[in-house]
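Undergrad: What follows is a structure written as structure tokens; I'll ask about it next.
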Amino acid sequence: MSLLDLSQAAAEQSRQVEKKSSHLRGRTLINLFFEASTRTQSSFELAGKRLGADVMNMSIPTSSIKKGETLIDTAVTLNAMRPDLLVVRHHAAGAVELLSQKVDCSVINAGDGSHEHPTQALLDALTIRRHKERFEGLTVAICGDIMHSRVARSNILLLNTVGARVRVVAPSTLLGEGVDRLGVESFTSMHEGLKDADVVMMLRLQRERMASSLIPSQREYFHFYGLDAEKLARAKDDAIVMHPGPMNRGVEIDAHVADGARSVIREQVEMGVAVRMAVLQALACHLPNE
Amino acid sequence: MEIEDETETAPLPQRKSLSLVNARLVDPASGLDAFGGLLIANGTIADLGMHITEGSVEGTESLDCGGRTVAPGLIDMMVFCGEPGHEHRETLATASRAAAAGGVTTMCCMPDTDPVIDDVALVDFILRRARDTALVHVHPMAAMTRELKGEDMAELGLLRDAGAIAFTNGKASVANAKLMRNVLSYAKDYGALIVHHLQDADLADNGVMNEGEVATRLGLRGIPTEAETIMLDRDIRLVELTGGRYHAAQISCRASLEVIQTAKARGLPVTCGVSINHLTLNENDIGPYRTFFKMTPPLRDEDDRQAMVEGVASGDIDVIVSAHDPRGAEGKRRPFAEANDGAVGLETMLGAGLRLFHNGSITLHRLLNALSARPAELLRLGGGRLVKGAPADLVLIDLEMPWTVEPGDLRSKSKNTPFDEARFEGRALVTFVAGRPVYHYA
């Protein structure tokens with residue numbers, strides 16, 4: 001749990017007037033985003049700056065250059081600029097790992113396709129721990145587009161590791177084949193999936209899912225899978241509501257629930273900065289000093 | 001024996017005859033498995049049997065095989081070559097060197113080139129380039145639809161007369177059932193073989209690997225086996241309707257094998273192939289996004305792999321192909337979903353196939369049958385047999401020799417082998433094409 005403890009300390013540091021420390025002083029951090037992102041990129045940027053690093057943001061829209069070609073080329077180019085830390089997001093699963101093979105510095109996965117988003121799972125875990133003070137025996141229901149979600153995959157891995165019981169709730173077209181073998185219980189009804197849950201984690205629904213006939217309409221999706229007060233009533237009275245953002249109010253979550261007393265969505269954003277500070281700081285301990 | 005670049009077009013000088021003596025002669029078609037010798041003269045098998053020994057025939061050179069196996073040279077029904085259009089990946093010359101080193105004496109090259117082999121002049125081009133630069137026999141398979149677009153039928157009759165050995169739509173399946181019906185029906189008039197790749201594009205939906213737990217874990221889009229089986233089912237119905245000769249280029253799953261078995265039991269003119277990859281690898285080999293294991297059809301699960309082995313062992317799967325598909329770093333050093341499909345296989349097919357013989361799942365005869373005699377039958381070629389008068393396309397195999405696949409040593413221009421560093425037992429020692437040694441293991 002040391003990474004979460006470190007994050008907790010970083011969260012406290014971030015609430016001070018003097019938010020800066022010097023763990024990464026003299027270090028260069030590059031945010032390399034092949035896919036648009038607001039909160040992940042800005043929270044890594046803030047995290048780096050609060051630790052004293054020089055931070056550079058590079059956004060490389062995939063449309064501008066032929067897909068894939070840029071990845072190795074960009075890695076080699078950036079490597080020559082001698083960064084200490086690279087934070088990478090890419091639209092293809094496995095791309096960050098591929099890139100990490102071509103550079104000499106530390107690489108942090110900020111989301112690769114539908115594969116993983118490890119720092120999101122860490123910030124979710126930190127938020128859960130702040131409210132529930134434990135993981136063992138908690139029931140966490142992850143609801144929505146499981147098949148395409150890197151947030152779901154990373155959370156399934158992490159929450160299973162720390163002893164929570166993980167459920168996934170989605171229509172069959174968005175569950176993904178073989179999901180039962182990932183160590184989760186799967187449900188196609190929110191009514192059953194949310195029953196007695198301690199944590200309700202909603203996922204963003206991409207509009208493309210309608211175009212590829214995975215679900216018929218937003219209206220129907222909200223009716224059956226959108227989190228509203230009635231569905232939330234199935235969960236425990238003290239259940240918390242989470243969402244990795246950005247939210248589609250009225251598609252996967254009702255505005256009243258999103259802004260309600262049980263929502264910890266804004267706290268997740270705050271913890272995002274803290275967790276990323278902790279990750280950077282932990283890596284900094286192992287950076288070469290010569 | 002020194003192999004040199006053969007660029008002359010003049011006929012080769014009359015060669016002395018050669019006897020291969022002290023050999024284990026294996027002819028999968030007849031079931032022959034006997035010690036003896038084999039006499040090569042004028043590019044054909046002049047004689048074979050116990051009576052051919054060192055010095056038994058006047059004026060012949062003889063090669064002592066030391067009890068090793070002499071078998072018909074392998075016939076590979078699926079080789080993607082970069083010529084014309086992608087010569088940086090592979091040329092007919094480099095592919096043929098890879099073939100010779102793998103014991104392959106005949107290769108069918110697929111029409112997925114640039115331009116597509118859908119025109120008489122291009123069939124002629126391939127045949128002439130092969131004659132001038134290749135070490136082994138090369139037969140072009142021509143496109144069955146123009147530009148492989150699956151919209152208009154190519155000139156099947158003229159292409160056949162020009163030397164196209166069969167017709168295929170390459171790596172693309174023909175989605176239009178009416179067109180497929182017409183192709184099968186029209187090709188029947190010429191007795192031409194239709195070789196079809198099986199993947200329903202809508203159902204595959206830009207998938208990049210086998211659908212299931214592994215794809216879900218990796219966050220990659222899956223292709224269900226049904227994308228193959230539904231297309232195969234449809235084709236079998238059209239074969240029944242038309243009576244055309246049909247060959248499923250590659251099957252990859254148990255459900256497809258069952259469809260083939262049913263069709264054969266009903267006496268339909270249906271055959272099928274499987275790639276050496278689908279016999280020896282499965283989806284777990286992809287591991288952390290290894291793109292050398294990305295191919296079409298995708299590698300399936302272990303049960304499907306075992307079904308493929310059973311299919312070859314029972315003879316329900318007729319042919320093993322290398323599905324040799326050279327791809328450079330520019331196509332493979334990419335995130336998995338964006339990487340090219342395909343793996344080279346000409347040099348490793350025999351070694352990988354012998355794994356199945358050594359572990360007892362397929363007999364040597366069945367293995368060699370699927371690699372030589374059966375493809376020769378389907379393509380109506382004279383080779384693939386050890387009989388008097390057959391072409392002396394032969395391979396001398398050491399069944400026991402251990403070796404390791406070193407990608408850097410591969411003769412193919414591209415090194416995208418899924419058998420990187422694999423340890424094999426058994427390989428081609430000498431390969432003869434029309435009686436002439438074209439490869440000698442150093």
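The values are calculated or read from the model by the stated rules, or taken from the named source; none is laboratory data. What you see is a predicted model, and the numbers here were worked out from it, not measured in a lab. Glycine gets a Cβ as well: all are built from the backbone with ideal geometry, and neighbour counts include every protein chain shown. Please note that ligands, DNA and RNA were not included when accessible areas were found on the heavy atoms of the full protein model with its side chains. Shrake-Rupley method; radii C 1.70, N 1.55, O 1.52, S 1.80 Å.
Undergrad: So how far, in whole Å, is the C-alpha centre of segment B:150-173 from the one of segment B:56-97?
TA: Between the Cα centre of segment B:150-173 and that of segment B:56-97, the gap is 26 Å.
Undergrad: Moving on to the next point. In square angstrom, rounded to the nearest 10, how much accessible surface does residue A:224 have for a 1.4 Å probe?
TA: 110
Undergrad: Compute the accessible area per residue over the protein assembly as shown, keeping the other protein chains in place, probe 1.4 Å, unit Å². Can you show the working numbers first?
TA: Working: 29290 Å² over 732 residues.
Normalised by residue count, the accessible surface of the protein assembly as shown is 40 Å².
Undergrad: Name the residue from B:257, A:244, B:192 whose Cα lies farthest towards the positive end of the charge dipole of the protein assembly as shown, charges +1 on Cβ of Lys and Arg and -1 on Cβ of Asp and Glu.
TA: With unit charges placed on the Cβ atoms, the residue in question is A:244.
Undergrad: Assuming 0.692 mPa s and 37 °C, estimate D for segment B:369-442 with Stokes-Einstein, Rh taken as the Kirkwood radius over Cα pairs, in µm²/s.
TA: Answer, rounded: 231 µm²/s.
Undergrad: When the accessible area of each residue in segment B:219-234 is compared between its chain alone and the complete protein assembly (1.4 Å probe; ligands, DNA and RNA ignored), which residues differ by at least 40 Å², being lower in the assembly?
TA: By number: B:219.
Undergrad: Here's a follow-up. Tell me, what ³J(HN,Hα) does each residue in segment B:380-395 have, in order and in whole Hz, if you take phi through Karplus 6.51 cos²θ - 1.76 cosθ + 1.60 with θ = phi - 60° and put x for Gly and Pro?
TA: Per residue, the Karplus-derived 3J(HN,Hα) values read 6, 9, x, x, x, 9, 10, 9, 4, x, 6, x, 7, 9, 9, 9 Hz.
Undergrad: Report the net charge of residues surrounding residue B:290, where surrounding means a beta-carbon distance below 10 angstrom and charges are Lys +1, Arg +1, Asp -1, Glu -1.
TA: On the way: positive: B:294, B:332; negative: B:285, B:420.
Within the 10 Å Cβ shell, the charges total 0.
Undergrad: Of the candidates A:228, A:198, A:73, which one comes out as most mobile in a Gaussian network treatment of chain A with C-alpha springs shorter than 10 Å?
TA: Comparing A:228, A:198, A:73 in a Gaussian network model of chain A, the most mobile one is A:73.
Undergrad: Another question about this same structure. Does a label point 7 Å from the Cα of residue A:247, set along Cα-to-beta-carbon, have any residues of segment A:267-288 with amide nitrogen under 15 Å, and which are they?
TA: It comes to A:267-270, nothing else.
Undergrad: Taking every pair of alpha-carbon atoms in segment B:268-329, what share in percent sits in each 10 Å bin, from 0 to the bin with the longest distance?
TA: For segment B:268-329, the pair-distance distribution reads 20, 50, 24, 5, 0.
Undergrad: Amide H neighbours of residue B:271 under 5 Å, at least 5 residues apart or on other chains, H built in the peptide plane: list them.
TA: Result for residue B:271 returns B:246, B:247, B:248.
Undergrad: With springs connecting C-alpha atoms under 10 Å apart, model chain A as a Gaussian network and identify which of A:87, A:179, A:275 has the largest mean-square fluctuation.
TA: Ranking A:87, A:179, A:275 by mean-square fluctuation puts A:179 first.
Undergrad: Pick from A:194, A:78, A:205 the residue whose mean-square fluctuation is largest in a GNM of chain A, springs joining Cα atoms under 10 Å.
TA: Most flexible of the set in this elastic network: A:78.
Undergrad: By DSSP, what percent of the beta bridges with both residues in chain A are antiparallel, rounded to the nearest 5? Provide the component values of the computation, followed by the final result.
TA: On the way: 1 of 35 bridges.
Approximately 5 percent, going by the DSSP bridge assignments.
Undergrad: Is segment A:165-238 rounded, prolate or oblate when judged by the Cα gyration tensor, a ≥ b ≥ c being the square roots of its eigenvalues, rounded requiring a/c under 1.5 and prolate requiring a/b larger than b/c? The partial results should precede the final answer.
TA: Values: a/c = 2.40, a/b = 1.26, b/c = 1.91.
Here segment A:165-238 falls in the oblate category.
Undergrad: Let me ask something else about it. Let me see the P(r) profile for segment B:218-365: every Cα-Cα distance counted, bins of 5 Å, each bin given as a percent of all pairs.
TA: 2, 9, 19, 20, 19, 15, 10, 5, 1, 0
Undergrad: So for the protein assembly as shown: antiparallel DSSP bridges make up what percent, rounded to the nearest 5?
TA: Taking every DSSP beta bridge with both residues in the protein assembly as shown, the antiparallel ones total about 30 percent.
Undergrad: Provide the descending list of Cα extents for the protein assembly as shown along its principal axes, expressed in whole angstroms.
TA: Taking the Cα atoms of the protein assembly as shown, the three principal extents are 102, 65, 46 Å.
Undergrad: Here is a further query. Considering only DSSP states other than H, G, I, E and B, which GluC sites (Glu not before Pro) in segment B:16-119 qualify as loop sites with at most 16 other Cβ atoms within 10 Å?
TA: Values: sites: B:54, B:58, B:61, B:87, B:90; in loops: B:54, B:58, B:87, B:90.
Sparse-neighbourhood loop GluC sites (Glu not before Pro): B:54, B:58, B:87.
Undergrad: Would you please give the residues with an amide H less than 5 Å from that of residue B:45, counting only those at least 5 places away or on a separate chain, with H modeled from the backbone geometry?
TA: Under 5 Å from the amide H of residue B:45: B:389, B:390, B:392.
Undergrad: Over segment A:159-199, what per residue volume does the convex hull of the Cα atoms give, in whole Å³? Could the numbers behind the result be given before it?
TA: Values: hull volume 2.7 nm³, N = 41.
Convex hull volume per residue, Cα atoms: 65 Å³.
Undergrad: Further, regarding this structure: How long are the semi-axes of the equivalent ellipsoid of segment A:29-112, defined as square roots of 5 times the Cα gyration tensor eigenvalues? Whole Å, largest first. Walk me through the numbers on the way to the answer.
TA: Numbers: eigenvalues 73, 44, 23 Å².
In descending order, the three semi-axes are 19, 15, 11 Å.
Undergrad: What is segment B:52-119 by shape, rounded, prolate or oblate, if you read a ≥ b ≥ c off the alpha carbon gyration tensor as root eigenvalues and call it rounded for a/c under 1.5, prolate for a/b larger than b/c, and oblate otherwise?
TA: On the way: a/c = 3.37, a/b = 3.27, b/c = 1.03.
Prolate, because a/c is 1.5 or more and a/b exceeds b/c.
Undergrad: DSSP H helices in chain A with Cα extent of 20 Å or more along the helix axis and mean Kyte-Doolittle hydropathy at least 0.5?
TA: Values: long enough: A:118-132 (21 Å, -0.44); A:265-284 (29 Å, 0.82).
Within chain A the helices that satisfy the rule are A:265-284.
Undergrad: Can you work out D for segment A:167-290 in µm² s⁻¹ from Stokes-Einstein, where Rh is the Kirkwood radius over C-alpha pairs, the temperature is 37 °C and the viscosity is 0.692 mPa s?
TA: On the way: Rh = 16.2 Å.
Estimated diffusion coefficient is 202 µm²/s.
Undergrad: Looking at the square roots a ≥ b ≥ c of the eigenvalues of the Cα gyration tensor of segment A:82-217, which shape do they give, rounded for a/c under 1.5, prolate if a/b is larger than b/c, or oblate? Mind showing how you got there, number by number?
TA: Values: a/c = 2.40, a/b = 1.31, b/c = 1.83.
Note, shape of segment A:82-217 comes out oblate.
Undergrad: Where does the Debye-calculated log10 I(q)/I(0) of segment B:33-191 sit at q = 0.09, 0.13, 0.16 Å⁻¹, using only Cα point scatterers of equal weight, no solvent?
TA: Summing over Cα pairs of segment B:33-191 leads to -0.41, -0.71, -0.89.
Undergrad: Comparing the chain by itself with all protein chains present, which residues of segment B:333-382 are at least 10 Å² less accessible (probe 1.4 Å)?
TA: Residues of segment B:333-382 that lose at least 10 Å² of accessible area once the other chains are added: B:333, B:334, B:335, B:337, B:338.
Undergrad: If you don't mind, there's one more thing I want to ask. Give me the distance between the Cα centres of segment B:376-404 and segment B:251-277, rounded to whole Å.
TA: Segment B:376-404 and segment B:251-277 have Cα centres spaced 24 Å from each other.
Undergrad: Between residue B:88 and residue B:131, what is the label-to-label distance in nm when each label sits 7 Å out along the Cα-to-Cβ direction?
TA: Simple spin-label model gives 3.1 nm for this pair.
Undergrad: Could you give each residue of segment B:204-219 its phi-based ³J(HN,Hα) in whole Hz, using Karplus coefficients 6.51, -1.76, 1.60 with θ = phi - 60°, and x for Gly or Pro?
TA: Going residue by residue, I get 5, 6, 6, x, 10, 7, 4, 6, x, 4, 5, 4, 5, 4, 7, x Hz, with x marking Gly and Pro.
Undergrad: State, to one decimal in nm, how far the label point of residue B:380 lies from the label point of residue A:3, with both points 7 Å from Cα in the Cβ direction.
TA: 6.5
Undergrad: Then there's this: Divide the volume of the convex hull of the Cα atoms of chain B by its number of residues and quote the answer in cubic angstrom per residue. Walk me through the numbers on the way to the answer.
TA: Values: hull volume 56.7 nm³, N = 442.
Once divided by residue count, the hull of chain B is 128 Å³.
Undergrad: Would you mind calculating the gained length between residue B:151 and residue B:403 on full extension (0.36 nm times residue separation, minus the Cα-Cα distance), in nm to one decimal? Provide the component values of the computation, followed by the final result.
TA: On the way: separation 252, 0.36 × 252 = 90.72 nm, distance 4.65 nm.
Result for the pair: 86.1 nm of gain on full extension.
Undergrad: What total accessible area, in Å², is buried where chains A and B meet, using a 1.4 Å probe and rounding to the nearest 100? Intermediate results must be reported in sequence, preceding the final value.
TA: Details: alone 13700 and 17240 Å², together 29290 Å².
Using a 1.4 Å probe, the pair buries roughly 1700 Å².
Undergrad: Just the accessible area for residue A:190, please: 1.4 Å probe, Å², rounded to the nearest 10?
TA: 10
Undergrad: Determine the percent antiparallel among the DSSP beta bridges restricted to chain B, to the nearest 5. Before the final figure, lay out the partial values.
TA: On the way: 31 of 64 bridges.
Rounded to the nearest five, the antiparallel share is 50 percent.
Undergrad: Rg/Rh for segment A:202-271 to two decimals, with Rh computed the Kirkwood way over all alpha-carbon pairs. Intermediate values should be presented prior to the final figure.
TA: Values: Rg = 12.6 Å, Rh = 12.7 Å.
In segment A:202-271, Rg relative to Rh is 0.99.
Undergrad: Hey, another quick one. Residues of segment A:73-101 losing 50 Å² or more of accessible surface, assembly versus chain alone, probe 1.4 Å, please list them.
TA: A:93
Undergrad: Let me ask something else. With all protein chains present, how much of the accessible area of chain B (probe radius 1.4 Å) comes from carbon and sulfur, to the nearest whole percent?
TA: Working: 7700 of 16380 Å².
For chain B, the apolar C and S fraction of the accessible surface comes to 47 percent.
Undergrad: Of A:285, A:105, which has the most accessible area and how do the rest follow, probe 1.4 Å?
TA: Numbers: A:285 100, A:105 25 Å².
Accessible-area ranking of A:285, A:105, largest first: A:285, A:105.
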